[in-house]
1. Filter the stretch 96-115 down to residues that are under 19 Å from residue 47 (Cα atoms) and either in contact with a strand residue (DSSP E or B) (Cβ under 7 Å, 6 or more places away or on another chain) or without any contact (Cβ under 8 Å) to a residue 12 or more places away in the chain (or both), then give me how many there are.
2. Which condition does residue 7 not pass, out of (1) surrounded by fewer than 14 Cβ atoms within 10 Å (Cβ to Cβ); (2) free of Cβ contacts under 8 Å to residues at least 12 places away in the same chain; (3) in a helix (DSSP H, G or I), if it passes all the others?
3. Quick check: is even one residue across the stretch 176-187 in a loop (DSSP other than H, G, I, E, B) and either in contact with a strand residue (DSSP E or B) (Cβ under 7 Å, 6 or more places away or on another chain) or buried (at least 18 other Cβ atoms within 10 Å of the Cβ) (or both)?
4. Any residue that is modelled with pLDDT under 95 and under 12 Å from the mean Cα position of the chain (by Cα) - is there at least one of those in the stretch 157-173?
5. Scan the stretch 129-151 and give yes if some residue there is surrounded by 19 or more Cβ atoms within 10 Å (Cβ to Cβ) and out of contact with any strand residue (DSSP E or B) (no Cβ under 9 Å at 6 or more places or on another chain), otherwise no.
6. Give 67, 62, 93, 55 a once-over and let me know the one that is surrounded by 14 or more Cβ atoms within 10 Å (Cβ to Cβ), in a helix (DSSP H, G or I) and touching a strand residue (DSSP E or B) at 6+ places or on another chain (Cβ under 8 Å).
7. Restricting attention to the stretch 134-175, report how many residues are free of Cβ contacts under 8 Å to residues at least 40 places away in the same chain and either part of a loop (DSSP other than H, G, I, E, B) or touching a helix residue (DSSP H, G or I) at 6+ places or on another chain (Cβ under 6 Å) (or both).
8. Name the residues in the stretch 29-43 that are part of a helix (DSSP H, G or I) and surrounded by 12 or more Cβ atoms within 10 Å (Cβ to Cβ), would you?
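The values are calculated or read from the model by the stated rules, or taken from the named source; none is laboratory data. All of these numbers come straight from a predicted model, not from anything done at the bench. Cβ placement follows ideal geometry from the backbone for every residue including glycine, while neighbour counts extend to all protein chains displayed.
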C-alpha cells in the first residue's frame, strides 16, 4: 500500500475479530515503531505486548484500578462490580494490546520530545497495521494514567504511558472519515 493511501485511508477500528494475530505480524508493527523520528536518537519507546492469555495480566491490573477509583469515589457495591467488569473486559477487546511507554528524558524538554517521538511511533504502528490488513485503535483514558498502572508497568519518574494500541482483524466495513480541509487550519508565512 502506498504511504499516502495508507495515511488517508487509515481509520481507528474499534471492532475486531478474536482471530489471533501472528507474532511475526506484531513484530512487523513493532519494527515500524522504532523507525519513528526521535531527537538525539534517544529511542525512548518501550513496549508491552499482551496477547492470548497474557491479556489477563492487563485485565487484572485494569480491574484493580477500577476498584481503587470506585473506592475513592465512594461508589455503591453494585456500581463497583460493573465498573470492575467493564475495565477487565477492555483488555480483551482485541487479540493484541500493545502498551507504548515513553521514557523520561534528561530534562523537561527531552521528556516532551520523547513523548512526541513515541506518539510518532504509535502512528507508524497504526499505519503498518492498516497496511497489513489489520485494524487498530489508540486508547488511553483515566485508568491508563493511574498510579497503580504506573507501578504495574514499572514506570520511573517522568515515564508516561502514551497508548494502548488494540490490534486485530477488522470486524466492520470500511468507512471514510471526514476531515476539514487543511486550508482552514493553515496560515502561510511567505517572503
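1. Total satisfying the criteria: 11.
2. Status for residue 7: all satisfied but (2).
3. No: the stretch 176-187 contains no residue that is in a loop (DSSP other than H, G, I, E, B) and either in contact with a strand residue (DSSP E or B) (Cβ under 7 Å, 6 or more places away or on another chain) or buried (at least 18 other Cβ atoms within 10 Å of the Cβ) (or both).
4. For the stretch 157-173, residues modelled with pLDDT under 95 and under 12 Å from the mean Cα position of the chain (by Cα): absent.
5. There is at least one residue in the stretch 129-151 that is surrounded by 19 or more Cβ atoms within 10 Å (Cβ to Cβ) and out of contact with any strand residue (DSSP E or B) (no Cβ under 9 Å at 6 or more places or on another chain).
6. After ruling out the rest, the residue left standing is 55.
7. So the answer is 4.
8. Hits for the stretch 29-43 are 29, 30, 31, 32, 33, 39, 40.
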